[in-house]
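I have placed the structure first, in the form of structure tokens, so that the comments after it can refer back to it.
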Amino acid sequence: MNEIKDPNQFNEGFSFRENKSFLKISFERIAFIFFIFFILAIIFSSKVILLSLKKIPEVQRIVKKENFRSSILDKDGNIIAKSVPIINLGINPNLVIDKEKLLVSLKLFFPNQNFENEMYGKKFFYVKKKISPEKLEQILLLGDKSFIQEDSIARVYPNGNLFSHVIGQIDNDNNGISGIEKTFDYELKTSKKPLKLTLDKDLQYLIKNELLKSQDIFKNIGSAAILMDINNGDILSMISLPDFDLNKRKKIDDVKYINRATKGVYEFGSVFKTFTLAAGLQYNVIKPETEFIDLKKRITCAGNSISEYDDKIPSDLTAEEILIRSGNIGSVRIAEKVGIENYNEFLENIGIISSLEFDIEEVGDTQLGNWGKCKLATVAFGHGIATTLLQLSKGYATISNGGYEITPTLINRENLKRKRILNENLSDTINPILRKIVSTKEGTAGFADVKGFEIGGKTGTADQPSQGGYSKKKVNTFASIFPTSDPKFVLAVMLDEPKANRDFVYHYRDDRYPYKGNWRNTAGWTTVWVTGQIIDKIGPILATKY
């Protein structure tokens, strides 16, 4: 056996080389490439995150110092006025690099606005006030340093027009200039507590809606309505039309927007006959059954003629029947028994001719002139004296609530003490008569006889004064109380310059057939109809909440 002396002899003709360096190089290349991709992934991920968190370009910010105002609420706590933070966006044209380019961009955001005059003619102008956060972000991403962001506070009114005359307006410096905003300006600026009113948003909406319908039917130029608690003076609704949107912050100087409920002064006509009868009862010069015999159809005073509105009114009437049938001449005779001094005192006591302090400043003053024989005669049936719907409501509340003095108010009050200023039994006598005006065929307010509510009240149709006399323009009013057996509410409704509608179909509340067409432009055919519709709508709310 041959012995292997040299191990290399075994490898002759066979070559084997271990390639360790090749394996090492391949692994390092793979690790390097993986590292590169990892770094790139981190870079791109970071870029995505940074882009998603990209801040809006910094722009000049102005903090406009304004007084914060507390909220105003309705009776149920619904917000009817509130202060909120807002942003106004403006531009300083001197800082714009490319004005043409910026104008094109702004046109895309605000297609209905033209900023060219402002861009080339002003040192500053607003692009958009109360701009939304979404649109603000989109615009600022343009990156133009000329934008100026103004942080401010705005007063917003969620219900738009609904409470316009009551709430009133504020100016550009956030100061109240009318209505509740003005009267309680200090309290709204200094108190953190909201101001709560007696108004009910639901009642306000329903009453306004019916008044708007009346404009379509009777073409009146305006209207007003007041719903008030007859016992404490809380005003649950106060409407005046036309109204205005408080959010638009426009200057209101057109007389057509006057507050017809509190500021407008009118001769209301026959609604005053209730006061005439009540004064006669108060001073014990008549009783409901007192007879007035052989009443004339026409009388004269200082050369002026006073006549009945309807020649069919009988010549022999009791005091009660004079009111039910709305007799002019009979009312004059009652007033003559009362006398000037007593009648003046009575009207002053119930708030018709005395000054009235109210929660808003927009309150008119009664216009009466000097008393005399003829003045007494005309005031007896509601002419020759002009007052407000608010004072009319106060007067009806006082004579119907047991003779207690009340103060109309829009603000919740506590611990109210009542003071009787009229005879205790006056309301017990007058209220059933007011009920008959609505419930009997002899009365003038049958369209307001809503079942279950015992409506009572008095109509008033008056010619509006003009230079040297009276025009053919009317003011039609209906002052109502309900329920007459236990009065809780007074509702006064007025239509300014209504017109007769011969095509309108009246639906009676009894079994009679509908009546189409009417040439009579009197309260019984206009305002009474509207009042009946109002009570139909608000009745369920009053029955359940009050």
Fill in: Number of the exception - Asn284 against (1) buried (at least 18 other Cβ atoms within 10 Å of the Cβ); (2) closer than 30 Å to Thr318 by Cα
(1)
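Looking only at residues in the range 359-396 that are touching a residue at least 60 places away in the same chain (Cβ under 8 Å) and charged (D, E, K, R), which one is nearest to Lys337 (Cα to Cα)?
Just the residues of the range 359-396 that are touching a residue at least 60 places away in the same chain (Cβ under 8 Å), to begin with: 359-367, 373-374, 377-390, 392-396.
Right, trim to charged (D, E, K, R) and you get 359, 361-362, 365, 373, 394.
Values: Asp359: 37, Glu361: 37, Glu362: 36, Asp365: 27, Lys373: 12, Lys394: 25 Å.
The residue in question is Lys373.
Please note which helices (runs of 4 or more DSSP H) are completely contained in the range 150-226 and include at least 1 residues that are farther than 20 Å from Asp254 by Cβ, out of contact with any Phe, Trp or Tyr (no Cβ under 7 Å at 6 or more places or on another chain) and at pLDDT 95 or above.
Numbers: elements: 164-167, 179-183, 185-190, 201-218.
The qualifying helices (runs of 4 or more DSSP H) are 179-183, 185-190, 201-218.
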Practice prompt. Go through the residues of the range 171-183 one by one and say whether even a single one is in contact with a helix residue (DSSP H, G or I) (Cβ under 9 Å, 6 or more places away or on another chain) and on the phi > 0 side of the Ramachandran plot.
Written response: yes
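Can you find, within the range 250-280, the residue that is farthest from Glu361 (Cα to Cα) among those that are under 27 Å from the mean Cα position of the chain (by Cα) and among the charged types (D, E, K, R)?
Residues of the range 250-280 that are under 27 Å from the mean Cα position of the chain (by Cα), as a first pass: 250-269, 271.
From what is left, the residues that are among the charged types (D, E, K, R) are 250-251, 253-254, 256, 260, 263, 267.
Working: Lys250: 19, Lys251: 17, Asp253: 16, Asp254: 18, Lys256: 18, Arg260: 13, Lys263: 9, Glu267: 21 Å.
So, considering only residues that are under 27 Å from the mean Cα position of the chain (by Cα) and among the charged types (D, E, K, R), the one farthest from Glu361 (Cα to Cα) is Glu267.
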Worksheet item: Here are some conditions: (1) in contact (Cβ under 8 Å) with a residue 40 or more places away in the chain; (2) surrounded by fewer than 12 Cβ atoms within 10 Å (Cβ to Cβ); (3) among the aromatic types (Phe, Trp, Tyr). Phe163 meets all but one. Which one does it not meet?
Response: (2)
Worksheet item: Only one residue in Glu210, Glu289, Glu267 is in contact with a Lys or Arg (Cβ under 7 Å, 6 or more places away or on another chain) and either buried (at least 24 other Cβ atoms within 10 Å of the Cβ) or touching a residue at least 12 places away in the same chain (Cβ under 8 Å) (or both), so which one is that?
Response: Glu210
Worksheet item: Taking interchain pairs and intrachain pairs at least six residues apart, which have beta carbon atoms under 6 angstrom, with the first residue in the range 86-113 and in the same structural domain as Asn172 (by TED's automatic domain parsing) and the second surrounded by fewer than 17 Cβ atoms within 10 Å (Cβ to Cβ) and basic (Lys, Arg)?
Response: Ile86/Lys130; Asn88/Lys129; Leu95/Lys145
Worksheet item: Pick from the range 310-328 the residues that are loosely packed, with under 15 Cβ neighbours inside 10 Å and not polar (S, T, N, Q): which of them is nearest to the chain's Cα centre (by Cα)?
Response: Asp310
Discussion item. Just to verify a result, which residue in the range 106-155, among those that are over 25 Å from Ser83 (Cα atoms) and of a type in the set (S, T, N, Q), is farthest from the chain's Cα centre (by Cα)?
Written reply: Ser146
Practice prompt. Kindly provide the set of residues from the range 404-446 that are farther than 30 Å from Val166 by Cα, among the β-branched types (Val, Ile, Thr) and part of a loop (DSSP other than H, G, I, E, B), ordered by number.
Written response: Thr440, Thr444
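The values are calculated or read from the model by the stated rules, or taken from the named source; none is laboratory data. Computed from a predicted structure; not experimentally measured. When we count neighbours, we look across all protein chains shown, and the Cβ atoms used for this are built from the backbone with ideal geometry, even at glycine.
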